[in-house]
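Every number here is computed from the coordinates shown, using simple stated rules; none is lab data. Just so we're clear, the structure is a prediction, and the values are computed from it rather than from any experiment. Cβ atoms come from the backbone with ideal geometry, glycine included; neighbour counts cover every protein chain shown.
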Amino acid sequence: MKNSSRRGFMGKAFGAVAGVGAVGALYAMKKTWDPLPSVKAAGFTTLDMSAYNENELVVEKWRGKPIFVLKKTAEMVAKQTKEQTARDIKIGDNHFMVSIGLCTHLGCIPAYNPDEEGFLCACHGGQFDFSGDVKKSPPPRGLDIPPFKIVGQKLVLGEVGPEYTAMKENGITL
């Protein structure tokens, strides 16, 4: 009778130790899968949109990718189509083209020509207009728009705001 009670106690004690060990192992695995604090901090970039000049492309950086920021002139806004207007990010009275600066064909970085108000990808001759829409193939779609949120005169890349959600729902960006 003493043996069975001792055996039961040892079984329960071993089970408790194994359970604590399993919880510790799962916690350690989760910690290794979490991004480092430095990676989390690099997830957001705040741009002061009042600092940009019209028809002058500025290349910012977000998550190691080039981000094209182009403040449109009044003439550009007046002549753009409905599809081009849908890709605009409007802050105050200003219209901006903000996109990931990688060609959607093979990932090359297109060059901007301010005189022609368009982008040329030298890799395979793809062209984009001043809104990031495809003007000439082979790119399968326009330049991708990064997730963004508008906060006053600032644009926060990496956060999802209502304007970005609407663009995504309308198929303007991926």
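Among ARG7, ARG87, which comes first, then next, by fewest other beta-carbon atoms within 10 Å?
The order, fewest Cβ neighbours first, is ARG7, ARG87.
What order do you get for GLU56, GLU163 when you list them from fewest to most C-beta neighbours inside 10 Å?
Sorted ascending by nearby Cβ count, the order is GLU56, GLU163.
Any chance you could give the angle, 0 to 90 degrees and rounded to 10, that helix 2-33 forms with the longest Cα principal axis of the chain?
Approximately 10 degrees, to the nearest ten.
Among [x] 25.8, 96; [y] 15.9, 52; [z] 17.8, 61, which is the computed Rg and Dmax of the Cα atoms in Å?
The calculated read-out lines up with [x].
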